[in-house]
Each structure stands twice: as C-alpha cells, then as structure tokens.
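Worksheet: one structure, shown below.
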Amino acid sequence: MTAPPRVAFVTESFHPVLGGGETHIRALGGALVRAGWQALVVTRQSDPASAARDEVDGIRVIRVPPAGPGRTGKYRMVAAACAALESERAAFDLLVVRGTRVLGPPGLATGRRLGKPVVLQPEVNGEFSGEIFWWGTPLATPPLRQLVTAAKRWQRRGLREADAFVAMSHAIRDEIHDAGVSGERIHLLPHGVDTERFRPASASERAELRGRLGLPAGPLVCFTGRLLKGKGLESLVEAFARAGAPRGAHLAIVGSGSGQALSIEEALRARVQGAGLANRVTFAGRVDAVEDWLRAADVFAFPSEFEALGLSLIEAAACGLACIGARTGGIPDVIADGESGLLVPPRDSVRLAAAIAALLDDPARRSALGAAARAHAVLEFSFAHGVERYQELFARLAGRAA
C-alpha cells in the first residue's frame, strides 16, 4: 500500500498564537497525523518562550527567528524559513504556503527548487487584488493604490505558477480567478469546525455554563477572536453601549491581543471603562474552551472590518447562535442576511446597534436564525468533510492514491 504524502506547511504564525488560520492548520495537521500522514509546520518563533523544535498534536514544528512580536518579523523570517525547508527537503512531498503577501513568492520558489508541488492559500481577502496592502493605511490614496496594483500585477504573474490554490471563501476564489488563474486549479475549501464540539446548548446547559463562567443570567452578547485593529471592536463597544446595556444585556469579549503588533486590547479596556460599561462587559482573555462561552451566549457579534471568512463566526453558527456580522470578505458565506443571521455595513455602529437591539428584543427570531445558522454550518462547514477534500487534493498533487 502506498504511503500517504508528507505535507509541509509554511506560515507566519502557529501555536501558541491563537487565531483562525493558526487553529485551522493545527486542526488539519492533527487530523492528517491521526489518519497516518506526516505533517510539518515551519513558522516564526512568535513567542520567545516557544521551543525552536517542537511537536504539537503529532505535527512536527520548526520555529525560526526572529523571536518575539513585531510587524517586521514576517519579513525577516523568510530566509530562515526557506533554509529550514531546504534542510527538511527529504521529510516532505508537498508544500502548502499559507499567505501569499510575504511568504508566497519565496515559498513557491523554494518548492520549485526542491521539486515539490506547491499549494498557495491566501490567509486574507485582498492578497491577489492588492487591497490588503492599502486597506487602513496611507496607501489608500489613488496614486499609491495604482502603484501597489501595478506591483501586484507583476507579483501575480509568478504566483500563478503554483500547482493549486485553496480559497476559504467565494470572495477569495473570485479574486484568484480574476488574477488569471484557471478555475480547475482553484479549490474552494472553507475552514471547518467540529460540529459536535460546537453545538447548541439546552437551557439547563446554558444556565450551568453561565454559573461556571461567572456570567449573569440576563441576555448575553458574545465576541470571540483576537483583539486586533480591524476586528470592529470599537464599533461593537459603541453599539453595545447604545443598544445592549440599556436592555440589561451583558457583553463577553473572549480573546486577547497580547503580544500582537496590531493589538487594541489595552485601548479597548480603557474605552469600556470610560463608557461606564465595566459592570456590563467581561474580558475573558485567551481561553481554550471557547465553545463554553459561545454555548452560554444568546447573540454573537462579529463586526470585523476586513475578514477572509471568520472561523469564530462559523463556531458561533455551529453553536446555534443568532449571529451579526459585517458585510465584508467571506462573512456573507456564513451569514445569509435575514435567514441565518444579520449583516451590517463595516464600521457602522448605528446599524450594528439596531441589529443587536432587534435580536435582544425578539427571542423567537433569535431562535429561528440560530437554528438556520446551525443547519448551514453543519452542511457547509463540517471539519471532517473538509479534511477529506484536503486529503484528496494533496494526494492527487503528490501523485498518490488517497
């Protein structure tokens, strides 16, 4: 029997960094290992306390310098990451490059030099169009946007040579196709979740969770994710002050920005304090059992301003929560407006407040939207089905039977 291909992932960040992409690679790599495959992750040593050589869920991990936080680290890691792949050339048959902005060109070049099939997986929308390079920066001016677009056009010519592309959302798939990649090389593979771990709670389970987590018994709005710039958290706090707090609701903000270059955690805590919401908002920090907080909640708010898909949103939908999301990136893949949740414009705290109020005031509608969200998550975002599709893709590219 032919052994399954050995897969290497190269990515800017990995465990112990906690985010949607990091969680996805850990879950996928772990599932491959449990199925008898071998998985390797080459990443940056984001946390100086993390071992340079490690094993996580059976995945062999190599962490390269520079260590510690900092926005330039993803650029300075490139040479060391490529060198690590060179030294491990005999240990993998296929290379998956997560993120095309920085690691894409050198990762593809290294894979080609080593004779390995290469899969490119954008980590956010806007990587192929160039939008991610000017979003939220001074580059948004027309002359500089034109310059960035021209540079991206040159870069895309090289990236198009990858063997396959994985898009986690329809928006990213269309973006890659518009860059000149043929449709048969683009695979729509959204991040999946364990729909048994993330499942709706009964009334008694919800009450027990509230007590264990120290949360009040009234209506609970929840956000989970990293507390970073661009996640729309400033709008969420403003909207909650306008609509949630006056209705006796509580807001749980689950996650941390600690050690991240774009962290707004301290500023967000100060904003909550300054708005007089300290007794209405709980900062849970980083937690591993995020499903406990979701299953304890009534409404999930995800007002991210720039989001590839939103693993946190899928987890909330799988828990049967009525979800509110910003109409951007891959979020509409998860929320059908008015059917399985509500969509609002990004950075619009007034519309977000209205959506929060509408759901808090109508338990029957919350229940109906939550049930539809759960059904959609089970149908479209099953982790087990996603692993099977990844195995088929990897085996085909490596020329082996799955």
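Here is how the numbers come out for the structure above:
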item: Positions within the range 361-377 being touching a residue at least 60 places away in the same chain (Cβ under 8 Å) and either under 13 Å from V193 (Cα atoms) or outside the structural domain of L311 (by TED's automatic domain parsing) (or both), in sequence order; result: R374, A377
item: Considering residues of the range 1-26 that are under 16 Å from V387 (Cα atoms) and free of Cβ contacts under 8 Å to residues at least 40 places away in the same chain only, the residue surrounded by the most Cβ atoms within 10 Å (Cβ to Cβ); result: E22
item: Residues (within 21 Å of L220 (Cα to Cα) and of a type in the set (G, A, S)) located in the range 314-351; result: A316, A317, A318, G320, A322, G325, A326, G338, S340, G341, S349
item: Count of residues meeting criterion [surrounded by 22 or more Cβ atoms within 10 Å (Cβ to Cβ), under 17 Å from the mean Cα position of the chain (by Cα) and not in a strand (DSSP E or B)] in the range 27-53; result: 2
item: Qualifying position, being surrounded by 21 or more Cβ atoms within 10 Å (Cβ to Cβ), farther than 24 Å from R351 by Cβ and not aromatic (F, W, Y), among A296, A308, A270; result: A296
item: Of all residues in the range 281-312 being within 22 Å of V124 (Cα to Cα) and of a type in the set (A, V, I, L, M), the one that is nearest to the chain's Cα centre (by Cα); result: L311
item: Residues satisfying the stated conditions in the range 103-131, i.e. closer than 22 Å to G20 by Cα, touching a residue at least 60 places away in the same chain (Cβ under 8 Å) and not β-branched (V, I, T); result: L103, G107, P122, E123, N125, G126
item: Whichever residue in the range 163-198 is of a type in the set (A, V, I, L, M) and either touching a Ser or Thr at 6+ places or on another chain (Cβ under 9 Å) or part of a helix (DSSP H, G or I) (or both) and, among such residues, is modelled with the lowest pLDDT; result: A179
item: Boolean, D298 is of a type in the set (D, E, K, R) and closer than 30 Å to G68 by Cβ; result: no
item: Looking only at the range 278-311, and only at residues there that are more than 15 Å from L251 (Cβ to Cβ) and not in a loop (DSSP other than H, G, I, E, B), the one that is modelled with the lowest pLDDT; result: L311
item: Some residue of the range 178-191 being of a type in the set (V, I, T) and in contact (Cβ under 8 Å) with a residue 40 or more places away in the chain; result: no
item: Condition broken by A35, with the remaining ones in (1) in contact with a Ser or Thr (Cβ under 8 Å, 6 or more places away or on another chain); (2) farther than 26 Å from G255 by Cβ; (3) of a type in the set (G, A, S) satisfied; result: (1)
item: Answer from G255, G259, G329, G310 - the residue that is in contact with an Asp or Glu (Cβ under 6 Å, 6 or more places away or on another chain), in contact (Cβ under 8 Å) with a residue 60 or more places away in the chain and under 19 Å from T23 (Cβ atoms); result: G329
item: The range 273-286, subset of a type outside the set (K, R), within 14 Å of L215 (Cβ to Cβ) and touching a Leu at 6+ places or on another chain (Cβ under 9 Å), residue surrounded by the fewest Cβ atoms within 10 Å (Cβ to Cβ); result: F283
item: Helices (runs of 4 or more DSSP H) (entirely within the range 326-402) containing at least 1 residues that are among the basic types (K, R); result: 349-360, 363-380, 383-397
item: Of the criteria (1) modelled with pLDDT of 65 or more; (2) part of a loop (DSSP other than H, G, I, E, B), which one P143 fails; result: (2)
item: Those residues of the range 12-26 which are closer than 17 Å to D54 by Cβ and not in a helix (DSSP H, G or I), in sequence order; result: E12, S13, F14, H15, P16, V17, L18
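Residue-wise test of (1) of a type in the set (G, A, S); (2) more than 17 Å from the chain's Cα centre (by Cα).
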{"residue": "I335", "(1), (2)": "no, no"}
{"residue": "L359", "(1), (2)": "no, yes"}
{"residue": "A364", "(1), (2)": "yes, yes"}
{"residue": "V378", "(1), (2)": "no, yes"}
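The values are calculated or read from the model by the stated rules, or taken from the named source; none is laboratory data. Fair warning: this is a prediction, and the values are worked out from it, not measured in the lab. When we count neighbours, we look across all protein chains shown, and the Cβ atoms used for this are built from the backbone with ideal geometry, even at glycine.
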